[in-house]
Amino acid sequence: MPNDLLGVAIHGCGEVAHAHAASWKRNPHVRIVSVGSRRRASAERLVGELGLDCDIHERFEDVLVNPLVDIVNLSGPNHVHAPQGIAAAEAGKHILIEKPICLSMDENRRLRDAVSAHGVRSVVSFVLRWNPLFENLKSLLAAGAVGEVNPAIVIVAGILGGTIATTSHSLKAGSRILINTSPEPFSNWTASLLEDIAVVAGLWTALHHPMIFLGLFILFILLAIWLLPKIWHGLKALFIRLKKCFVNQAAPPPPSSNDNNSIRPTLN
């Protein structure tokens, strides 16, 4: 490649491939040399939209034997990610692979082994990989700031964290619906202010007095257990009232047989 640029071949031209191609185009160290898809029209559309000057291919095998290709961008259907990744590694091509990288653990192991055996580099297209927050978390984990990370504990923590987050959001959303039934704005303002104070105070307490935070957290769980059913009953009553506002009045009952007899003319 001219000026030691790395050649990129994009294979698979769905929506995500357009984002990949735009990112590659902004990278000063690479040049897109080929775009391909099972449908040539899809590849031609991507090339035209981004104004690329490159080859268009239809067969993945053509990418593997192209000497201008150093990196393969795999963005086709999910079921071809692992087989194409393995083939690319065996051909000595570096790989950027869209999620999911595989459909089974067997595919995952074979892809890992192929990358390792042929000495190529690979990366999964994870959009937050270089986000500063994730970079900071990665550094903290590498430095052992949180101690040894046990996968089982991580899973349990994730389940508990998700449960707690769902509970808190349910409390907030449910209570806000009930508060918003009030015509005055002050109750809503007060709720927003108290929520912000609770977040800041909770974070400060967790960092400086963790045992106190733990006690308050247990109280919060008990409050949620007591309050959620009451919010649920309040929401049900609210929606019943709303339903009555929009449901038409019931049609009058048909006249009874006695009514018919009373208005039937008498025959002489």
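Taken together, the values in this text are just the output of simple stated rules run on the coordinates, not laboratory data. Quick caveat: nothing in here was measured; it's all calculated off a predicted structure. Here the Cβ positions follow ideal geometry from the backbone for every residue, glycine too, while neighbour counts run over all protein chains shown.
With contacts taken as Cα pairs under 8 Å and at least 6 residues apart, the stretch 2-124 reaches a relative contact order of 23 percent.
The Cα-based radius of gyration of the chain, divided by its Kirkwood radius, gives an Rg/Rh of 1.25. Pairs of Lys residues in the chain, spaced 8 or more positions apart or belonging to different chains, with C-alpha separations under 25 angstrom: 9 in total. Here the translational diffusion coefficient of the stretch 53-142 follows from Stokes-Einstein with Rh set to the Kirkwood radius across Cα pairs; for 20 °C and 1.002 mPa s it amounts to 151 µm²/s.
When you count the other C-beta atoms within 10 angstrom of each residue and take the mean per peptide, 166-172, 124-130, 74-80 line up highest first as 74-80, 166-172, 124-130. Summarising the amide proton neighbourhood of residue 35: residues at separation of 5 or more, or on other chains, whose placed amide H is nearer than 5 Å comprise 10, 55, 56, 57. Angle of helix 210-246 to the longest C-alpha principal axis of the chain, folded into 0 to 90 degrees and rounded to 10: 60°. For the stretch 150-246, the share of alpha carbon pairs falling in successive 5 Å distance bins from zero is 2, 11, 15, 20, 20, 13, 9, 5, 3, 2, 1 percent.
Take every pair of alpha-carbon atoms less than 8 Å apart whose residues are at least six positions apart; their mean separation over the length of the chain yields a relative contact order of 11 percent. If eta is 1.306 mPa s and T is 10 °C, what Stokes-Einstein diffusion coefficient results for the stretch 2-124, Kirkwood Rh from Cα pairs, in µm²/s? Translational diffusion coefficient: 112 µm²/s.
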